[in-house]
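Visitor: Dumping the structure here so I can ask a few things about it.
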Amino acid sequence: MADVGLLLEAANFACIKHRDQRRKDESKTPYINHPIGVAYILWKEGGVTDMATLQAAVLHDTVEDTDTTLDEIESTFGVEVRGIVDEVTDDKSLPKAERKRLQVVNAPKKSPKAKAVKLADKLYNLRDLQRCTPEGWSEERVQEYYEWAAEVVTGLLGTNDILEQKLCDILKQRGVTLKTS
């Protein structure tokens, strides 16, 4: 039961932090659906049961998209969760193109736990794109996202065969293949 409590603590924290945020879809889905969905994909589809990884999945956008600090993550959830969240957090002070480039460059350098979170995050986002196009996105922008996601995923390979296969399948549906060696 202690693990359930740890995960619920992370979910409650993320709910509070993301409470006023919405996804960019037509329905303006509550943003919290995304981090909870990422953790669910890790557990249900990826077979991940490591508590730090699941907590980090729920918290993965709090530092990037809210007023949360890494110190706050550490004081509430510990050093390991902080480290994973730090690894998957983009530096919002950088231009978007640079952040995207760095995701590609840094993907292979991440820890296995951070890679797992990134895989589930990309899978969730690609499924969301299949479901509906974000407001203001052209078909070209959607295709560019798929191609960029494939570059990031390529650097994450060797982490979770199940999630990687699901990503490969969803990318193939858009005519995008992973460039493996």
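The values are calculated or read from the model by the stated rules, or taken from the named source; none is laboratory data. All values derive from a computational prediction rather than experimental measurement. Note: ideal-geometry Cβ built from the backbone for every residue, glycine included; neighbour counts use all protein chains shown. For accessibility, only protein heavy atoms count, side chains too; no ligands or nucleic acids. Shrake-Rupley method; radii C 1.70, N 1.55, O 1.52, S 1.80 Å.
Visitor: Using a Gaussian network for the chain with springs between C-alpha atoms less than 10 Å apart, which of these wobbles most: Leu70, Leu163, Leu102?
Guide: Leu102
Visitor: Let me ask you something else. Between their Cα atoms, which of Lys17/Lys166; Lys92/Lys172; Lys44/Lys96; Lys113/Lys172 are more than 28 Å away from each other?
Guide: Lys17/Lys166; Lys92/Lys172; Lys44/Lys96
Visitor: Alpha carbon centre of the stretch 93-107 versus the stretch 36-75: separation in Å?
Guide: 20 Å
Visitor: Something else now. Below 8 Å, C-alpha to C-alpha, sequence gap of six or more: please give me the relative contact order for the chain in percent.
Guide: Over the chain, the number comes to 21 percent.
Visitor: As I understand it, the dipole of the stretch 1-92 uses +1 on the Cβ of Lys and Arg and -1 on the Cβ of Asp and Glu, about the Cα centre. Which of Thr49, Gly37, Val79 lies farthest toward its positive end?
Guide: Value: Gly37.
Visitor: Among residues other than Ala114 whose Cβ falls under 14 Å from its Cβ, what is the net charge (Lys/Arg +1, Asp/Glu -1)?
Guide: Taking every other residue near Ala114 into account, the sum is -1.
Visitor: Considering the dipole of the chain built from charges on the beta carbon (Lys and Arg +1, Asp and Glu -1) around the Cα centre, which of Leu59, Asn125, Leu8 is farthest to its positive end?
Guide: The one lying farthest along the dipole's positive direction is Asn125.
Visitor: Cβ under 9 Å from Ala56's Cβ, Ala56 left aside: what net charge do those residues give with Lys, Arg +1 and Asp, Glu -1?
Guide: 0
Visitor: Let me ask something else about it. For the pair Glu144 and Glu64, what calculated FRET efficiency results from E = 1/(1 + (r/R0)^6), where r is the Cβ-Cβ distance and R0 = 22 Å, to the nearest 0.05?
Guide: Step by step, r from the Cβ atoms, then E = 0.60.
Visitor: Please compute the Cα-Cα pair-distance distribution of the stretch 1-93 with 5 Å bins starting at 0, giving whole percents from short to long.
Guide: Binned Cα distances yield the sequence 3, 15, 25, 26, 19, 9, 3, 0.
Visitor: Any chance you could list the semi-axes, whole Å, largest first, of the equivalent ellipsoid that the Cα gyration tensor gives for the chain, using √(5λ)?
Guide: Semi-axes from the Cα gyration tensor: 25, 19, 16 Å.
Visitor: Sticking with this structure for a sec: Please give the peptides 106-117, 14-25, 31-42, 53-64 ranked by average Cβ packing (other Cβ atoms within 10 Å per residue), highest first, as a rough proxy for protection.
Guide: Descending packing order for the listed peptides: 53-64, 31-42, 106-117, 14-25.
Visitor: Given a 1.4 Å probe and heavy atoms of the protein chains only, how would you sort Trp43, Trp137, largest accessible area at the top?
Guide: Listed by decreasing accessible area, they come as Trp43, Trp137.
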